[in-house]
Each structure stands twice: as C-alpha cells, then as structure tokens.
Amino acid sequence: MKKIILISIISLATSCYLSAQLPQPENQLSPTPPMGFMTWNYFGVNINEQDIRTLADAMVETGLRDLGFDYIFIDDGWQGGRDNKNNMIPDPKKFPNGMKALVDYVHSKGMKIGIYSDAAPLTCAGYTASLNFEEQDAKTFAKWGFDYLKYDYCGAPADWQTAIYRYEKMAKALRNSGRDIVLSVCEWGNRQPWLWAKKAGGQLWRTTADVRDKWYCGKQVDNPNDLHGLGAGILDIVNVNADLSAYASPNGWNDPDMLIVGLYGKKGAPSSDLGGTGCTDTEYQSQMSLWCLMAAPLMITCDVRNMNAATKRILSNKEIIAIDQDPLGKQAERVVNNKDYQIFVKKLANGDIALGILNVTDNELITEINLLDLGISGMKTAKDLWSKKVLKLNSKGNIKVKTASHETKVYRLK
Ligand code: GLA
C-alpha cells in the first residue's frame, strides 16, 4: 500500500514538474487576421435576421467568402435583455427565429459568425451587456454556436487593472464555454492593449478610436485619444497603428477598426458621424492596401448586396489579401514617415517582401526609392499588385514610384 502511495506521489510530482517545464500549447484560434463582414458601420443598431441572412448569401455569391472573408460579425443592437433565468436573449422583433437558427444558417453557408457584448452593465449603444454574467453569457454564445466575440468597453472604469481583469474574466469564461470562440478586445487603444490583451486571452485588440468614413481629421494629434472627439479617418488611424508593428503576430493582431471601403458617406450610419462624408475610390483602395500591409483584421462594412464595380474590385484583390493573410504574420514596419510620403516593408513567409508607398500630399508625387537604403537586397522583380505590372529591379535597387494624392502603391518584391 505504502509503495503504491509513494509511486502515485512521485508520478504526480513528475507530471506537475513536466507540465510546468513544457511550453503550454498555444491557443491558435486566429493564426491569420480574421476577415469578414461586420454590421456596424452601415447598419448601426438597425440589424435583423433577414438582413444578416441576405448579407451572408451575398458574401458567398460575390465570391468574397471564397477570398477569405468567411465571418459574419454581428455588432451592437441584437440584444433583447435577459429572460427569467438571466439568460441573454435576442430582440424578438429583430430575430424572431432566435440566434441558433441564424447561426446555423450562416454555418450552412460555409461561414463563421461573431457576436458582440461589453464589459459593463450596458453596451455602447445602451443594450444589455455581460458584466458579472461572463460565465453564463459565454455559455449562451457557445450554445447558440458563435465562433467569435467582440467585447467592448463602454461604461467601464478607465484604469488598466480593471480592464485587464474584465477581459481576462471573459476570456476564461469563453475557454470554459465548451466551444472555441475568438475574443476581440475593444477598448480602442486607450490602455495600450497591445501590451496585455494577448496574455489576457484576446486574439485581437482595437488600437484606435472608431473609424469614420473620411481620410483625415485635419490635424496631427499628439494624443490618439483625441481622435474620439475629432473623428478618426484612414490616415489618422494609420498614424497610430503603423508604429505598433512589433506587437502583432499570429493569434494576436492589432485591429485598426473596420474597412470603410464602399460606404461613400452613407447617411445616418455610425461611420458618417464626425465628418464621415465619404472617401474617393483611391482613398478606399489605400485603406485596403494599408490594412493588408499592417496585417489588420479585414472587416467589410459596406452593403455587399449592392456594391459597385470599384468597391468589388478593391475588396477582391487576391494578391493584396495574400499580403494580409501571409502565414508569417508580420505587420509591415513603417520605415519612412515624412510630410510627403510613408514607406512600409512587410516580410513574407516565402522570403518575398511587400513594399508599400503612401502619398499623403494633395498632389501627384514621384518618389525615388533605394531599396538598399531600406535594408532590402537581392530582389529581382517588383510586381505592382494593383496594376499587375512587373518591374525588373537593377542591382543598385533604385525604383521610381508615381502615386496620385492619397494613393498607396503596393509591390511584391521577389
Ligand atoms: C463602440 C465600438 C464600435 C461599435 C460600437 C457599438 O463604439 O468601438 O466598433 O461596436 O461601440 O455600439
């Protein structure tokens, strides 16, 4: 008997020791940045199951799902409170068939689906949220079949400690829910989540204030928090997110907010607040280019059931999407940032390099770049991923790039 007890104690001690020594298997729910359609910028809280079904249909019919946009993300406004057992329920008018039926439908389309809540009693738009119901709500989301949770931070205390605690708590509840559910941390970069959100259990974290349908707020901000009041345009967000490249890696992405491509200043939509009167197609194409260079989650928000040809072309560029989804999972480094242009360099898994040049001026610009000066050597060709033209590179590594105002050129160097 004594011998058995002794052996048990030894084997227990050994297994404790080994599990402390061995690297814990990493929870790889998001090896590349998530992609899909998100309801917020276009619909705001005016969402319902019929629209979401037809949006999922459109994602398939337009070919966007097959290009990798395989999530439908439901944002704020779905909630209908709690039942007499405190289980969250959807608004019965917006979702008369309940969430499970909708989730099953989206899954039947070969897509995944996300839901939204907040780490306080109420969400940003004032709906029922999850504080103190983390375990119960995570189980409800899992039971319905959700694959992703965007967890917002309106109505919660400003300090870091509470934020980290509340996100950890929801992450743990999701892990206990019996289903793999990605956690998107949404506290807008106010508490530098790139320093703690991955450890807290998130796979992506917003880095900025909400994107508006505009290019630029009109002034250089020293404190990114000022963008909440000024309205963050594409360039404002780039100017925050670009310097965070060191923090992005597989299963932990900087999230510079949704794509506004194709919204054209849609009236009444959240993206039209704070001067969001719309962008040009050149600017929308720039957003797509820069988000892919920055290995950002790609969340389409225009009405994909009624896209024009320009929008579809911008969202459907396979070679640009491949830069975003490259398995090495590096965010481009911004290696030049002056008053006229910015240069981005993204290392890719097969040894190729993606090079981006953004013209921030109001005029056409010709930029002479020396690749050796940027630390790039041995590359033979440069393919422009929008025009598809291939340039031969000389041994001196000089390349001349012409960009229209606010345009971003993207080259894949081989
Ligand atoms: C916050 C988020 C947005 C959106 C709204 C919903 O503003 O940052 O992305 O989810 O709340 O109310």
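The values are calculated or read from the model by the stated rules, or taken from the named source; none is laboratory data. In this text the structure is predicted, and so the values were computed from the model without any measurement. Neighbour counts run over all protein chains shown; Cβ positions are idealised from the backbone, glycine included. Ligands, DNA and RNA are stripped out before the accessible areas are found, and what is left, the full protein with its side chains, is counted by its heavy atoms. Shrake-Rupley method; radii C 1.70, N 1.55, O 1.52, S 1.80 Å.
Annotation: of all residues in region 59-82 being away from the ligand (no atom under 16 Å from the Cβ) and within 15 Å of MET299 (Cβ to Cβ), the one that is surrounded by the most Cβ atoms within 10 Å (Cβ to Cβ) is MET59.
Checking each residue in region 44-58 for being within 16 Å of the ligand (Cβ to nearest atom) and polar (S, T, N, Q) picks out only ASN46.
If you go through region 274-296 one residue at a time, do you hit one that is at negative phi, surrounded by fewer than 19 Cβ atoms within 10 Å (Cβ to Cβ) and among the aliphatic types (A, V, I, L, M)? Looking for residues that are at negative phi, surrounded by fewer than 19 Cβ atoms within 10 Å (Cβ to Cβ) and among the aliphatic types (A, V, I, L, M), one finds none in region 274-296, hence no.
Check whether at least one residue in region 384-395 is in contact with a helix residue (DSSP H, G or I) (Cβ under 9 Å, 6 or more places away or on another chain), under 26 Å from MET35 (Cβ atoms), of a type in the set (Phe, Trp, Tyr) and open to solvent by less than 10 Å² (accessible area, probe 1.4 Å), and report yes or no. There is no residue in region 384-395 that is in contact with a helix residue (DSSP H, G or I) (Cβ under 9 Å, 6 or more places away or on another chain), under 26 Å from MET35 (Cβ atoms), of a type in the set (Phe, Trp, Tyr) and open to solvent by less than 10 Å² (accessible area, probe 1.4 Å). Being away from the ligand (no atom under 16 Å from the Cβ) and not aromatic (Phe, Trp, Tyr) is the filter here; which residues of region 126-144 pass it? The answer is ASN132, GLU134, GLU135, GLN136, ASP137, ALA138, LYS139, THR140, ALA142, LYS143. Among the numbered conditions (1) under 16 Å from the mean Cα position of the chain (by Cα); (2) more than 26 Å from ILE47 (Cβ to Cβ), the only one that TRP253 does not meet is (2). Scanning region 145-164 for residues that are within 23 Å of MET35 (Cβ to Cβ) and either within 15 Å of the ligand (Cβ to nearest atom) or more than 23 Å from the chain's Cα centre (by Cα) (or both) yields TYR148, LEU149, LYS150, TYR151, ASP152.
Name the single residue, out of those in region 332-372 being part of a strand (DSSP E or B) and among the polar types (S, T, N, Q), that is surrounded by the fewest Cβ atoms within 10 Å (Cβ to Cβ). For region 332-372, the residue satisfying everything is ASN370.
Set side by side, the residues LYS312, LYS330, LYS339 differ, and just one is within 22 Å of ALA382 (Cβ to Cβ) and charged (D, E, K, R), which is LYS330. Here GLY178 meets the list (1) small (Gly, Ala, Ser); (2) surrounded by fewer than 18 Cβ atoms within 10 Å (Cβ to Cβ); (3) away from the ligand (no atom under 16 Å from the Cβ); (4) closer than 23 Å to THR39 by Cβ almost entirely, failing just condition (4).
Within region 121-142, being out of contact with any helix residue (DSSP H, G or I) (no Cβ under 9 Å at 6 or more places or on another chain), polar (S, T, N, Q) and open to solvent by 20 Å² or more (accessible area, probe 1.4 Å) holds for THR128, ASN132.
Yes/no per residue for (1) surrounded by 15 or more Cβ atoms within 10 Å (Cβ to Cβ); (2) under 23 Å from MET59 (Cα atoms); (3) of a type in the set (A, V, I, L, M, F, W, C):
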site	(1), (2), (3)
LYS85	no, no, no
PHE95	yes, yes, yes
ALA156	yes, no, yes
ALA163	yes, no, yes
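In region 309-331, of all residues being part of a loop (DSSP other than H, G, I, E, B) and among the small types (Gly, Ala, Ser), the one that is most open to solvent (accessible area, probe 1.4 Å) corresponds to SER316.
Residues of region 219-259 that are surrounded by fewer than 19 Cβ atoms within 10 Å (Cβ to Cβ), in contact (Cβ under 8 Å) with a residue 24 or more places away in the chain and farther than 20 Å from VAL185 by Cα: GLY229, LEU230.
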